[in-house]
1. Quick check on my filter: what residues within segment 186-243 are charged (D, E, K, R) and crowded, with 20+ Cβ neighbours inside 10 Å?
2. Please pick out the residue among Glu383, Glu351 that is modelled with pLDDT of 95 or more, open to solvent by 20 Å² or more (accessible area, probe 1.4 Å) and under 15 Å from Ile259 (Cα atoms).
3. When you look at Glu293, is it of a type in the set (Asp, Glu) and under 30 Å from Asp30 (Cα atoms), yes or no?
4. Look through Ser366, Ser399, Ser377, Ser390 and report the one residue that is assigned to a loop (DSSP other than H, G, I, E, B), within 19 Å of Leu327 (Cβ to Cβ), touching a residue at least 40 places away in the same chain (Cβ under 8 Å) and small (Gly, Ala, Ser).
5. When you look at Met317, is it more than 15 Å from the chain's Cα centre (by Cα) and surrounded by 16 or more Cβ atoms within 10 Å (Cβ to Cβ), yes or no?
6. Counting only residues that are more than 21 Å from Arg63 (Cβ to Cβ) and either among the small types (Gly, Ala, Ser) or in a loop (DSSP other than H, G, I, E, B) (or both), how many does segment 256-275 have?
7. Which of (1) over 22 Å from Leu333 (Cβ atoms); (2) in a strand (DSSP E or B); (3) of a type in the set (Asp, Glu) does Glu43 not meet, given it meets every other one?
8. Output the number of residues of segment 91-107 satisfying the condition of being in contact with a strand residue (DSSP E or B) (Cβ under 6 Å, 6 or more places away or on another chain), more than 24 Å from Leu353 (Cα to Cα) and either among the hydrophobic types (A, V, I, L, M, F, W, C) or crowded, with 23+ Cβ neighbours inside 10 Å (or both).
Amino acid sequence: MPASFLIRNARLIDLGHQHHNQQIDIAIVDGRIENIGPNIKGEFETIVEGKDIVVSSGWTDLRCHLPDPGMEYRDTLSNLQDCAALGGFTAITTLPNSQPPIADKASVLYVLNSTKSHAVSVLPTGQLADRDNSENLAELYDMHAAGALAFTSGDCSVSNGLLKKGLLYSSPFKGLIITHPSDKSLENGGLVNESSNTVHTGLKTNPAIAEYLNLKEQIEVARYCDSKIHFSCISTLESVQMIRSAKKEGLEITCDVSIFNLCFTDNEVLGFDENFKLYPPLRSKEDRQALIEGVNDGTIDAICTNHTPHNIEGKVMEFDYAEFGALGLQQTLPWFVKYLSDGITVDRFVECLTTGPHMVLGLGKSEIATGQKANLSVFSLTEEWTFDKSTNGSLSKNSHEWNRVQKGKVLAVIANDKAELNN
């Protein structure tokens, strides 16, 4: 990292900060913030500047699929970090769905030791269930001691019995349980949302009730255990309503929503583009509107990318047989600009990528203050770029945005005494 940086004439987004929404400069020397204010003078090795630029605390993603180890042909850990930096993130929370899964202390340490020399921190979660018996817990305490921030079964179902064990066992050491609620018997192998839009397509459908019925059960289990729980990638109007009510009761419940479900509806699958085959599936316009309202009123604490790299063999085929998921790390900012900026303020968007995820994970707030280690994301809401081979940080390219112009560009991330610049 160059010894000195100047971020010039950027609008600071940091609710509660004395310079919030003001145009300021930030001087960084040897990884620490040396000065904040307008028109900072001096000699700097690198100057970060651009059109209509914004600076905020570094963004944190709460849900990123992990192909490494075992599926490095999709992406390595290094590729994930590069994608995250290009997308504006200084930390990514990975699911344990590698091969083998992250299910013991050694595998947690593999992730941490393999990623410590990058500007982007990788925050591994450990598998909730034992590898050999899905109704037994994995080595939760050992993984927690090694550095796992939470425990989850990712997209797999979690029985109420296993959830109860996990909540009670992890509570004494403040371990966080993350689930994506879904009743697999109601999903019944569905590929797209069940709605009037999709029933005539011939594709198997996944009804909204599969999510919100299981969510209701899991809320009751958390209530019984008097434990904190985080629901990942909620996608239905009913889920938003249930979580809103549970929070008003005072239950320790948090949740996030995928950028895909915030921006798109099940109209997209009518073109049979396999890059819109997602899990959870894209829902109705009523569901999407409820998710946006949930972000705005604080029911939804964070926005995640649900970034899922797949190589060409997994996606370029008939919709029925293609894998679920698409790239999301580098698309989050452009999609906010294109699809959400009229309904969600940039202040709230940034809050859902900074304060929200930190609160969910129990991490301290990253302060933008003189003398503090720099942990910053710098971006423009108006600059344009093209998502193609030259700008893609992933080994995979499963995105409907391939070769398209994007509005909203990340210029730099600075964290961990390192910087990644996007020229």
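1. Scanning segment 186-243 gives Glu187, Glu194, Glu211.
2. From the options Glu383, Glu351, the qualifying one is Glu351.
3. no
4. Ser399
5. no
6. Residues that pass the stated criteria total 3.
7. It fails just one condition, (2).
8. Selection size over segment 91-107: 2.
The values are calculated or read from the model by the stated rules, or taken from the named source; none is laboratory data. Fair warning: this is a prediction, and the values are worked out from it, not measured in the lab. Using ideal geometry, Cβ is built from the backbone for each residue, glycine included, and neighbour counts are taken over all protein chains shown. Please note that ligands, DNA and RNA were not included when accessible areas were found on the heavy atoms of the full protein model with its side chains. Shrake-Rupley method; radii C 1.70, N 1.55, O 1.52, S 1.80 Å.
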